[in-house]
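The values are calculated or read from the model by the stated rules, or taken from the named source; none is laboratory data. Here the structure is a predicted model, which means the values were calculated and not measured. Backbone-built Cβ (ideal geometry, glycine too); neighbour counts: all protein chains shown. Ligands, DNA and RNA are stripped out before the accessible areas are found, and what is left, the full protein with its side chains, is counted by its heavy atoms. Shrake-Rupley method; radii C 1.70, N 1.55, O 1.52, S 1.80 Å.
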Amino acid sequence: MRDEEYPLDVDTTEHVQPPVSEHTSQAAPGADSAPAAPSATREKPARRWRLPKLRLPRAGALLLILLLVAAGLGIGFLLGKRQAPPAASQSAPAVADARASSSTIWTCSMHPQIQLPKPGKCPICFMDLIPMEDSGGDLGPRQLKMSEAAMALANIRTTPVVRQVVTRNIRMVGKVEYDETRLAYITSWIPGRLDRLYVDYTGITVNKGDHMVYLYSPELIVAQKELLQAWNQYQRVTDPRNREMIAANLKSVEEKLRLWGLLPEQIEKIKQRGETTDHVTIYSPVGGVVVHKNALEGDYVKEGNRIYTIADLSLVWVNLDAYESDLPWIRYGQEVEFTADSHPGETFEGRVAFIDPVLNQKTRTVRVRVNMPNQDLRLKPGMFVRATLKSRLTGGGQVVAPDLAGKWISPMHPEIIKDSPGKCDVCGMDLVPAEELGFVAKQHTAEAPLVIPATAPLITGKRAVVYVKLPGREEPIFEGREVLLGNRAGDYYIVRAGLHEGDVVVTDGNFKIDSALQIKAAPSMMNPEGGVATTSHNHGGGSTGGEIQKTFAAAGASAMKGSTASTEGE
């Protein structure tokens with residue numbers, strides 16, 4: 001099939017002789033003469049010549065038309081791009097004003113330490129920077145303004161700082177032990193052989209004067225003979241001068257036997273019998289429980305060898321372990337309550353009789369002793385006990401004890417308490433006033449310590465931060481303060497410095513306030529200086545947190561500089 005032919009007309013300034021074609025030969029009669037006349041009168045530059053009709057196939061014509069349309073679109077796109085910046089700037093005046101403003105600081109929502117003067121990308125996470133919200137020019141670096149609605153949403157609660165006497169329960173553990181002052185040893189006063197042990201196992205309760213050992217001793221025979229000779233001479237002599245001399249000799253021999261462990265009754269029996277014996281019975285000088293047996297029957301002992309250990313359990317010691325942080329609350333003479341597993345539901349009461357002046361470096365505890373009467377022997381050495389000491393301190397560190405007002409206490413035996421001065425019934429020492437031992441009968445409110453609830457401070461080990469609500473502000477403003485805390489007393493902390501009576505502190509929601517300050521890179525609990533809070537380690541020669549922050553800032557500034565340069569280049 002033959003493609004159709006399409007003519008193509010163009011303008012030119014040169015003269016071209018139109019060729020003769022078959023189309024011209026078929027023109028109407030008179031066509032050659034009619035246009036000839038006017039063509040002769042036209043000027044050459046203004047003449048319009050008709051090019052010969054080109055014969056193009058239909059597909060080629062369509063392709064040529066498409067090329068011309070594409071070229072036109074390209075030229076239009078370039079012209080539109082050149083004119084786009086003015087149009088965009090006219091359609092977004094607010095953005096242009098914000099970018100042009102030098103007072104706006106741009107930061108990253110994920111990395112608040114990045115603060116740049118122009119918008120752009122975060123150099124860390126490459127997120128779009130956002131303008132920092134103006135929190136008020138009158139706020140300090142540690143202050144945060146919140147509305148009433150925001151406080152209700154964050155569940156912010158406050159409590160005023162007050163002065164009051166607080167009570168702390170000191171909990172201790174320990175065990176029952178022997179009273180060291182009531183331990184006694186049965187020893188051999190003369191050398192010999194143990195032919196019989198009347199007490200042949202531990203745990204037996206003995207009384208004072210009970211027989212303990214049947215001892216054979218050759219030296220005892222010699223001493224008995226000396227006693228009988230001195231006694232016979234004393235009976236035969238009638239001269240007063242000689243009788244006085246012999247009486248002195250008889251007394252020295254009797255003293256010798258007494259020092260060897262013989263009782264006066266035994267010595268009198270030897271004199272009445274008139275005969276010596278090679279055995280002697282040793283009696284117990286004290287009463288108590290045999291807690292240890294050191295010898296067996298048939299053993300040869302020397303003078304001073306230990307045979308038995310006897311403990312008087314009518315009074316026992318309860319040794320408790322107190323942590324060193326609890327020592328400011330413990331005083332000599334304080335009441336202590338404790339329980340034992342062997343007596344469930346029963347509480348024993350005593351007083352602090354001794355506080356060890358030396359700290360146990362292994363357990364970091366101090367031994368606190370309580371003297372306990374034990375006439376019924378219910379408390380047995382080795383029992384495990386749990387004790388509680390309730391203490392109330394004044395601002396000056398004294399213990400409030402109303403029951404000791406005007407009392408006098410023994411400095412060595414706290415169970416001896418009297419209403420007037422005198423002597424201790426146990427050791428004979430002079431009694432001292434209770435005030436000298438650190439007690440006061442009552443406390444005035446002005447002397448009470450400053451206390452805050454235990455939930456108010458945010459503690460990081462060495463630092464404690466409290467958020468205080470500033471008074472006299474239209475909208476609530478909270479300010480972070482570092483405080484010096486004392487001991488904790490139950491649900492309260494004693495404040496040593498940093499707060500005053502009447503200050504209002506945040507007790508609930510303080511961590512939310514601190515988190516808001518951390519997001520703003522302001523000074524907070526974990527970062528008192530503000531800025532980025534890094535947890536990286538410095539193993540020598542590495543970058544510190546400040547250097548890392550400077551590196552991020554420099555990277556951000558460099559990125560902003562490159563972004564600005566590229567914009568200006570366009």
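Points to keep in mind about this one:
- Restraint check, K208/K251; K145/K512; K121/K520; K121/K512, Cα-Cα greater than 21 Å: K208/K251; K121/K512
- Backbone HN-Hα couplings from phi across the range 421-430 [Karplus 6.51/-1.76/1.60, Hz, Gly and Pro as x]: x, x, 10, 6, 6, 9, 10, x, 6, 6
- Electrostatic bookkeeping for K390 treats Lys and Arg as +1 and Asp and Glu as -1; over the other residues with beta carbon under 10 Å from its beta carbon, the sum is 0.
- A protection proxy built from the mean count of other Cβ atoms within 10 Å ranks the segments 415-427, 109-121, most packed first, as 109-121, 415-427.
- Efficiency of FRET between D195 and R488 - r from beta-carbon atoms, R0 60 angstrom, step 0.05: 0.40
- Length gained on full extension, Q375 to E335, computed as 0.36 nm times the residue gap minus the Cα-Cα distance: 12.4 nm.
- The simple spin-label model puts a point 7 Å past each Cα toward its Cβ; for E529 and N249 those points are separated by 9.8 nm.
- Here the label points at K256 and A152, each 7 Å from Cα along the C-beta direction, are separated by 10.5 nm in the simple model.
- The range 383-512: relative contact order in percent, alpha carbon pairs under 8 Å with at least 6 residues between: 19
- Taking the range 188-255 and dividing mean pair separation by its residue count, relative contact order in percent (alpha carbons under 8 Å, at least six apart): 29
- For D503, nonlocal amide neighbours, meaning residues 5 or more places apart or on other chains whose placed amide H falls under 5 Å from its own, are V161.
- Under-5 Å amide H pairs with K118, H placed in peptide plane, nonlocal only: W106
- Table column - 3J(HN,Hα) (Hz), the range 257-266, Karplus curve with 6.51, -1.76, 1.60, x for Gly and Pro: 5, 5, 5, 7, x, 7, 7, x, 5, 5
- Using a probe of 1.4 Å, the accessible surface attributed to D376 totals some 100 Å² when neighbouring protein chains are kept in position.
- Reciprocal of mean inverse Cα separation for the range 301-364 (Kirkwood radius, Å): 15.4
- If you model the range 135-184 as an ellipsoid using its alpha carbon gyration tensor, with each semi-axis the square root of five times an eigenvalue, the axes come out at 57, 14, 12 Å, biggest first.
- Cβ-Cβ FRET estimate between F384 and E475, R0 fixed at 51 Å, reported to 0.05: 0.30
- Ranked order, E479, E297 - accessible area, probe 1.4 Å, largest first: E297, E479
- Count Lys and Arg as plus one, Asp and Glu as minus one, and take only other residues whose Cβ is under 13 Å from that of R369; the net charge is then -3.
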